[in-house]
Amino acid sequence: METIFLQNVAYSETTSWLGQLIFTAAAVIVSAYLLTGVRVKGFGAAFILAIVLAILNATLGRFMDFLTAPLNWISFGLFSLIVDALIIMLAGKLMNDFQVDGFKWGFLMAIIVALTSSVLNYIF
C-alpha cells in the first residue's frame with residue numbers, strides 16, 4: 001500500500017475522504033482536550049471544522065506553501081506547521097463553534113492534529 005504525504009499528514013490511498021475528515025475531526029477533539037487555548041463545541045463542530053480546514057488547505061494553504069517553499073526547504077518541511085497554524089487561526093475566525101486563543105495554541109494544535117491524524121490513519 002502506497003502512502004501519500006499531504007500537509008504533514010500521511011494519507012493512505014485506501015482511506016476515503018470521509019475517513020480522512022473523521023480522523024481530522026477526532027484529532028481536533030484530542031487537541032481541544034489537551035490544549036486549554038483551543039475550544040470546540042462537540043464532534044459535529046469538529047467535523048465541520050475538518051471540512052473548513054480541508055477547503056482552506058486546498059486553496060489558501062497551497063498558495064501559502066508555494067510562497068514559503070524556500071523556508072520549507074531550509075527547515076525540512078517544518079515551516080509548513082506555521083502555515084497550518086495560520087490556517088487553523090483563520091478557521092477559528094470563520095467559525096463560531098471553534099476558538100483558538102493565539103498563534104501559540106494554533107501551532108500546538110497543528111502539531112497535535114498532524115500527529116493524531118497520522119497515527120489514526122496508520123492504525124485504520
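The values are calculated or read from the model by the stated rules, or taken from the named source; none is laboratory data. Since the structure is predicted, the reported quantities are computational estimates derived from the model, not experimental observations. As a convention, Cβ positions derive from the backbone with ideal geometry for all residues, glycine included, and neighbour counts pool all protein chains shown.
I want to confirm something. Restricting to the stretch 1-13 and keeping residues that are surrounded by fewer than 18 Cβ atoms within 10 Å (Cβ to Cβ) and outside any strand (DSSP E or B), which single residue is modelled with the highest pLDDT?
Filtering first and then ranking leaves Glu13.
Quick one: which residue in Ala50, Ala114, Ala91 is among the small types (Gly, Ala, Ser), part of a helix (DSSP H, G or I) and out of contact with any strand residue (DSSP E or B) (no Cβ under 7 Å at 6 or more places or on another chain)?
Answer to the check: Ala50.
Taking the stretch 14-40, which residues are in a helix (DSSP H, G or I), aliphatic (A, V, I, L, M) and either buried (at least 17 other Cβ atoms within 10 Å of the Cβ) or in contact with a helix residue (DSSP H, G or I) (Cβ under 7 Å, 6 or more places away or on another chain) (or both)?
Of everything in the stretch 14-40, those that are in a helix (DSSP H, G or I), aliphatic (A, V, I, L, M) and either buried (at least 17 other Cβ atoms within 10 Å of the Cβ) or in contact with a helix residue (DSSP H, G or I) (Cβ under 7 Å, 6 or more places away or on another chain) (or both) turn out to be Leu21, Ile22, Ala25, Ala26, Ala27, Val28, Ile29, Val30, Ala32, Leu34.
Being touching a residue at least 24 places away in the same chain (Cβ under 8 Å), under 17 Å from Ser31 (Cα atoms) and assigned to a helix (DSSP H, G or I) is true for just one of Phe43, Phe107. Which residue is that?
One residue alone meets the criteria, Phe107.
Anything in the stretch 81-111 that is surrounded by fewer than 18 Cβ atoms within 10 Å (Cβ to Cβ), within 16 Å of Ala46 (Cβ to Cβ) and not charged (D, E, K, R)? List them, or say none.
Within the stretch 81-111, Leu94, Met95, Asn96, Gln99 qualify.
Which residue, of Val113, Val38, is under 20 Å from Ser16 (Cβ atoms) and of a type in the set (Val, Ile, Thr)?
Step by step, each of Val113, Val38 is checked, and only Val113 is under 20 Å from Ser16 (Cβ atoms) and of a type in the set (Val, Ile, Thr).
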